[in-house]
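Below is one structure, written out as structure tokens; comments come after it.
Every number here is computed from the coordinates shown, using simple stated rules; none is lab data. Keep in mind that this is a model prediction, so the values were computed, not measured. With ideal geometry, Cβ positions are generated from the backbone for all residues, glycine too; neighbour counts draw on all protein chains shown.
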Amino acid sequence: MNSLNSCVAGLQYLPSVEYFAHWLYHDNLILEQHEHYQKKTWRNKTAILGPQQALFLSIPLRKGKNQDMPITRVEISYDEAWPRIHMNSIQAAYGKTAFFNEIENDIDAIFKNSHQFLWDLNMQFIQLFTSFFPGEWKLKYTHSYEVEPAASVLDLRKGIPAGETSLLLNVLPVYDQIHRFSNSHLPNLSILDVLCHLGPGTMDYLTQYAHELYKQT
């Protein structure tokens with residue numbers, strides 16, 4: 001029997017399928033808002049579709065001691081035109097998918113907001129994505145930082161990767177992806193990948209994915 005009734009995670013950039021699959025399975029997500037920024041935790045990085053392999057997108061951060069900065073105060077750098085680069089990459093990857101036109105303007109508008117803080121940008125994307133899903137996506141926030149969360153809480157704060165999967169390939173739910181040079185499926189990309197390819201079918205896919213993630217629990 002599964003003893004975990006909740007999960008705690010960081011607020012990630014364009015989170016992966018597994019991020020939302022964990023959230024769906026536990027029926028709520030606790031966002032860690034009292035951590036300090038740590039590199040290699042996916043707070044400012046994601047993966048989208050590429051012709052041969054996953055394409056990784058990273059948000060540059062303002063130079064300084066981000067490593068010691070509270071996560072809600074980490075500032076984005078606009079020394080380079082990364083919002084345009086990211087939007088162009090997303091358009092190239094998904095422009096010909098069945099449902100991209102329904103989400104394109106919303107994504108572009110968020111990029112054009114020029115958020116000062118990484119937390120605010122990531123939060124706006126989370127709110128956008130869950131607005132496309134049926135039902136209530138319950139979101140809570142930590143009240144303080146706990147090195148070890150309660151035994152009933154799954155700790156995902158190290159980051160939930162994109163572009164690689166926790167599942168064995170023989171049980172991985174797949175769908176047809178455009179612009180592929182081979183027949184292999186690129187797993188666990190940003191949730192954008194599923195939304196653009198499957199649209200209203202995204203929820204069914206997440207349900208299948210969550211089932212496989214937790215089948216042994």
Would you mind pulling out the separation of the Cα centroids of the stretch 119-187 and the stretch 46-110, in Å?
16
Jot down the radius of gyration and Dmax of the stretch 6-213, Cα atoms only, both in angstrom.
16.5, 47
Starting from 0.36 nm per residue, how many nanometres of slack lie between His36 and Leu169 once their C-alpha separation is accounted for?
44.4 nm
At a threshold of 8 angstrom on Cα-Cα distance, excluding pairs fewer than six apart, so keeping six or more, what relative contact order does the stretch 6-213 reach in percent?
37
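Assuming R0 = 25 Å, what is the FRET efficiency of Asn5 and Trp82, from their Cβ-Cβ distance, to the nearest 0.05?
On the way: r = 38 Å, r/R0 = 1.53.
The computed FRET efficiency comes out at 0.05.
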Cut-off 14 Å (backbone N to label point 7 Å along Cα→Cβ of Asn28), residues of the stretch 110-147
136-143
Let me know the volume per residue of the alpha-carbon convex hull for the stretch 44-152, in Å³.
163
With +1 on each Lys and Arg Cβ and -1 on each Asp and Glu Cβ, and nothing else charged, work out how big the dipole of the chain is about its Cα centre, in Debye to the nearest 20.
500
